[in-house]
Amino acid sequence: GYLVAAMSLLWVVGVFGSTGACSNLAYLRGSQRMPSALQADAADPGTHPWVRSGVVRERARLEALATEHRVAFPLSVAKLLINILLVVAAGAALTGRRNVRSFALQVVAASAALAAIDWVLMAQMREIMAQAVAADAVEHGVGNLPDMDQEQSVEMVREIHLWAERLRFAMLEVGVFGGAAVALTRQRTKDYFAAAPGADAPGDPSSPDDPPSS
């Protein structure tokens, strides 16, 4: 059960990750402009504060992506490729293909490494997003805190947003990839794949070459 749950979650992460990477690439290549709704919704005084916060956050994210184009573009390409491999590896593991465990572990390790690199290189983007959300919240009276002036309130809300980003990273990247690695390295999982019928995973260096067919 734990293997099915871990691989299913890994498959979902791969699908959403590849979709997000495609969207980023389309925007960075100029084939997709910033949606006008990101401007209109934030400016509408009737917009719910949580909706406006999400709009401001996404607008700041896209602006930061464009600013960090030289870093964001290759990272988005790498994320697209690795997330496609995640979908393939998780799907193959769910079907119980023989010797796919090693291939899946390599993809999980590569995904975790890329997530760590992305976290370090895109730190400035997170700062821009946090500052934009905090300034908007305080300006519209959502993030005003008692016994604090406007500047202090902005700083406090910015820190809260950054901690939320750290929590998201711990849950989605560290949690998902760490859980998948644990599930794939348990002895019961090793025994399951060792006994499972089926073809070897493509690109699995630990799998022997299939004998040529006559």
Residue tally, condition buried (at least 16 other Cβ atoms within 10 Å of the Cβ), farther than 12 Å from Ala181 by Cβ, within 18 Å of the chain's Cα centre (by Cα) and among the hydrophobic types (A, V, I, L, M, F, W, C), over segment 101-121: 2
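For segment 49-60, indicate whether the set of residues that are at pLDDT 90 or above, crowded, with 21+ Cβ neighbours inside 10 Å and polar (S, T, N, Q) is non-empty.
Restricting attention to segment 49-60, the residues satisfying the condition of being at pLDDT 90 or above are none.
There is no residue in segment 49-60 that is at pLDDT 90 or above, crowded, with 21+ Cβ neighbours inside 10 Å and polar (S, T, N, Q).
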Test: residue in segment 131-147 that is surrounded by 13 or more Cβ atoms within 10 Å (Cβ to Cβ) and closer than 18 Å to Ile82 by Cα: no
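Here are Val4, Val12: which of them is modelled with pLDDT of 90 or more and among the hydrophobic types (A, V, I, L, M, F, W, C)? Full working, then the answer.
Values: Val4 fails: modelled with pLDDT of 90 or more.
One residue alone meets the criteria, Val12.
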Considering residues of segment 46-85 that are among the acidic types (Asp, Glu) and assigned to a helix (DSSP H, G or I) only, the residue farthest from His161 (Cα to Cα): Glu63
Any hit, segment 86-100, residues being among the charged types (D, E, K, R), open to solvent by 40 Å² or more (accessible area, probe 1.4 Å) and over 20 Å from Ala5 (Cβ atoms): yes
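The values are calculated or read from the model by the stated rules, or taken from the named source; none is laboratory data. On a predicted model such as this, the values are computed, not experimentally measured, just so you know. Note that we place each Cβ from the backbone using ideal geometry, even for glycine, and neighbour counts take in every protein chain shown. The protein model used for the area step is the full one, side chains on, heavy atoms only, and it has no ligands, DNA or RNA in it. Shrake-Rupley method; radii C 1.70, N 1.55, O 1.52, S 1.80 Å.
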